[in-house]
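Note sheet for the following structure.
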Amino acid sequence: MKNFPSIIFLFLALTLNAQNYKPNWESLDARPVPGWFQDSKFGIFIHWGVYSVPAWGPTGDSIAVYDRYAEWYWRKMIEPGKVQKYFKDYHTKTYGPNFRYQDFAPMFKAELFDPAKWADLFKESGAKYVVLTSKHHEGFALWPSAQSWNWNSVDVGPHRDLCGDLSKAVKNKGLHMGFYYSLYEWYNPTYLTDFPAYVNEHMIPQMKDLVTKYTPDILWTDGEWDRPSKDWKSEEFLSWLYNESPVRDNVVVNDRWGSETRSKHGGIFTTEYGLVGDKEGNVNAVMHPWEECRGIGTSFGLNRTEGLSDYSTATQLIRLLVSTVAAGGNLLLDIGPAADGTIPVIMQQRLLELGKWLKINGEAIYDTRAFIKTKKSEEINGETNKSIFFTRKNKEIYIICLNWPAKEIVLKGVTPVSNLKIALLGTDKLPSVKESGGNLYITAPLLTPDGNQIAYVFKVSGLLK
């Protein structure tokens, strides 16, 4: 065997280079977040399940953000709280006093669900990855999970493997597919009475089944806040995921693995309905990979009581995407399909509007990183992170203006280091640029701005070494 020595060498090289992640946070946190995630920038979150049947929650300025989440319907029916009265009055009036939450399950039929059409929409939106709720806090699984017998989408309701069908369609479009998974279950008897058995015999086998059966690129956990990560055996599971699972090389996980782990341990850091606290406008951005998730409306699951004013406009969503990416993050934008498997038209419209903008300006978003200067950004331009945002890619800088720049864009203390080139994406007409007193002055070309454009991107080369 002439190639025998080379085979041995290759084996040894692979063995030596292979990282063995130990079941402790120090070792697990050393694993880099796979690069595809930071390059993707924009993903679609999907909250869909039994809660999509009532699809109801209180709305209004007096209702706290988390109390508007329609996917918490079962919990709010039963648990004492500020909004329980709203749910009890509505539920009793609509379904009767003896109607249990479990009785919604046969009504969750997904009869109009077309995974190929969903995947087409996601592709057109410009999203690069998709995260489906495989199981929310109610415990209902969207795949034939042995651990959720008679409480999953194959045994009850749609009689269909929703995780499998959507995963196949999304991957066929060249997008990354991932799953949300709730660690805890509100009313699972084993969770309530024998927590160790729940973890060892239900949760961990169920997560491993989800990973091995569908090979997701993202495992997005939640519901971790009840207990520390040691109780969830998160470190042991992640050690298996990183070392032995079929997705060990490419899988991305978040930071929701125990009551102490958010923004400290795991993979990407996550927030919802708020850009990492006050990080919007922070010149230093966020150095650790992070992601903002939120709905197009005020709920993740479909809430039929929401009106037009509860939904973000295309302008607001594009500005959210721009500000998030400029701060170094990704945007995971949620939709809440109806129980019949249709995506509300207003949600489709918003996604397509995002896609239209990204087709012209996507190079200022995808594969970019935050543009960080040693000086305070306000010293470069007073409107930085207000109406003007910056991203960078290799040696190019993108200046994203939320408003058409009727006046000169002034970049203070910025001088070329090589041949300066500048373009306005979407047109072949060139902006004018001049250097004076150590500052750079950019003037947009004479154009009638398209009101549908929403944000305008200048691509600049020659400012970075």
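Readers should treat all values here as calculations from the given coordinates under stated rules, not as data from a laboratory. Keep in mind that this is a model prediction, so the values were computed, not measured. Because the Cβ atoms are built from the backbone with ideal geometry, glycine has one as well, and the counts that use them run over all protein chains shown.
Among rounded, prolate and oblate, which fits the range 43-173 when a ≥ b ≥ c are the square roots of the eigenvalues of its C-alpha gyration tensor, a/c under 1.5 means rounded, and a/b larger than b/c means prolate? Judged from the Cα gyration tensor, the range 43-173 comes out oblate (a/c at least 1.5, b/c at or above a/b). Using a Förster distance of 22 angstrom, determine the FRET efficiency expected from the C-beta separation of residue 423 and residue 345, and round it to 0.05. Efficiency, rounded to the nearest 0.05: 0.05. What FRET efficiency, computed as 1/(1 + (r/R0)^6) with R0 = 45 Å and r the Cβ-Cβ distance, is obtained for residue 240 and residue 379, rounded to the nearest 0.05? Taking R0 as 45 Å, the efficiency between residue 240 and residue 379 is 0.40. Ordered by the number of other Cβ atoms lying within 10 Å of each residue's own Cβ, fewest first, 77, 287, 207 fall into the sequence 287, 77, 207. Its Cα centre serving as origin, the chain has a Cβ charge dipole (Lys and Arg +1, Asp and Glu -1) of approximately 1280 debye.
Within the range 21-364, the ratio Rg/Rh, alpha carbon atoms throughout and Rh by Kirkwood, equals 0.94.
Listed peptides 349-356, 453-460 appear in the order 453-460, 349-356 once ranked by packing, highest mean of other Cβ atoms within 10 Å at the front. With the alpha-carbon atoms of the range 180-320 aligned to their principal axes, the span from lowest to highest coordinate is 47, 38, 29 Å, starting with the largest.
For the pair the range 222-254 / the range 289-320, the C-alpha centres are spaced 29 Å from each other. Averaged over residues, the count of other Cβ atoms within 10 Å places the peptides 134-142, 426-434, 198-206 in the sequence 134-142, 198-206, 426-434, highest first. Packing, taken as the mean count of other beta carbons within 10 Å per residue, orders the peptides 437-446, 44-53 from highest to lowest as 44-53, 437-446.
Of the cross-linked pairs 41/135; 82/233; 88/117; 135/359; 412/459; 41/359, those separated by over 26 Å at the C-alpha level are 82/233; 88/117; 135/359. What is the Cα centroid distance between the range 60-98 and the range 398-455, reported in whole angstrom? Cα centres, the range 60-98 to the range 398-455: 50 Å. Label-to-label distance for residue 24 and residue 187 is 4.2 nm, based on points extended 7 Å past Cα in the beta-carbon direction. Seen through its C-alpha gyration tensor, with square-root eigenvalues sorted a ≥ b ≥ c, the range 285-354 comes out prolate because a/c lies at 1.5 or above while a/b is bigger than b/c.
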